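Working notes for the structure below.
Rule-based calculations on the coordinates, nothing more; no lab input. All values derive from a computational prediction rather than experimental measurement. When we count neighbours, we look across all protein chains shown, and the Cβ atoms used for this are built from the backbone with ideal geometry, even at glycine.
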Amino acid sequence: MIKIGTRGSKLALWQAEYTQKQLKDRGVDSELVVIKTKGDNIRHLSFDKIEGKGFFTKEIEEALLNGEVDMAVHSMKDLPTEQPPGLVLAAVSYRENPADWLIIKPGVETAGNLLRLPDEAVTGTSSARRKAQMLALRPDVQLKDIRGNVPTRLEKLRSGDFDAILLAAAGLRRLDISLDEFTVVPFNPVEFVPAPAQGVLAFQCRAEDKETRRILAGLHHPEVAACTNVERKVLQLIGGGCHAPLGVYCRRDKAGNYHAWAAYATAWDQPLRRAQRSQATHFRLAEQLVEQLR
């Protein structure tokens, strides 16, 4: 019986239950252990105001190291690029749609305006990356921090706290949330660049736990890992942790060539820099992108 450490939000539980099913299909039984993280407990601050890295992962990693759980399921975009001593990333999942979506409140949509947003629209996001890219497109928008899980954020939009909010398509699709009442503007990830590894789940366990590592190897998607390794390497080289104003997206075409895009600002309210590079292999692709950004 494998104990799976997870956060308690609807999306985190979907991710953990999806993993349970993957394990079950391979004849492995598991149980979920819900763990509260610093990011769950501090609700009043935007992400860039919370001190330290890994505030959606640290407590789960401590439970892993203490032997309270055998593995953890994380949104890979929340995971720091450096693994704590004693832990490894044993596998990564398939990739759900990596894009960000702009969700606009009913009756607010303004035809003829860029992104269909009214002038000075109050737009909700706590992500420095989304703020920087939103301002580059629409410098007039009024950015306002928003916290809470996906259904909570949509309720805040519905009740009129915001004209629009920015959310990851992956979470909306995985939770199968109906957006029929809203106007949805889907961004192209090569233009509005997502967080490194957005849409991917990471499966973590103890380095010494060879049996769990062997089981998790059966869930691994190496073609996804090749691209997320590039994205996370850019994050590591730039520094600043998971909540730096940095978007990186890498994909591989049918011919096997790699294409990568990055958008970076030194702070959310500073000018945005962009980089793009294509090459036959992923060798030094991250380093080349960072050189362009700097």
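Results, tabulated for the structure shown:
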read-out	value
Scaled radius of gyration (Cα, divided by 2.2 N^0.38 Å) that the chain gives	1.00
Relative contact order [Cα under 8 Å, 6+ residues apart], region 100-186, whole percent	47 percent
Calculated on alpha-carbon atoms, Rg and Dmax of region 196-294 in Å	15.2, 48
Radius ratio Rg over Rh of region 100-186, counting only Cα atoms, Kirkwood formula for Rh	0.92
Relative contact order for the chain, counting Cα pairs under 8 Å that sit 6 or more residues apart, in percent	22 percent
Relative packing of peptides 211-217, 166-172, 125-131 - highest average C-beta neighbours within 10 Å first	125-131, 166-172, 211-217
Chain lengthening between N257 and E82 when straightened (0.36 nm per residue, less Cα-Cα)	60.3 nm
Unsatisfied cross-links (Cα-Cα over 28 Å) in the set K3/K156; K77/K131; K36/K105; K10/K105; K131/K156	K3/K156; K36/K105
Per-peptide average of other Cβ atoms within 10 Å, ordering 75-85, 137-147 highest first	75-85, 137-147
R273 long-range amide H proximity, modeled H, under 5 Å	Y264, A265
Mean ellipticity per residue at 222 nm, deg cm²/dmol - from DSSP H runs of n ≥ 4 across the chain, formula -39500 (n - 2.57)	-8500 deg cm²/dmol
Order of V33, V234 - criterion: other Cβ atoms within 10 Å of each residue's Cβ, fewest first	V33, V234
Share, in percent, of DSSP beta bridges within the chain that are antiparallel, nearest 5	75 percent
Residue-wise HN-Hα coupling along region 79-93, computed from phi with Karplus coefficients 6.51, -1.76, 1.60 (Hz; x: Gly, Pro)	8, x, 6, 9, 7, x, x, x, 10, 9, 8, 8, 6, 10, 8
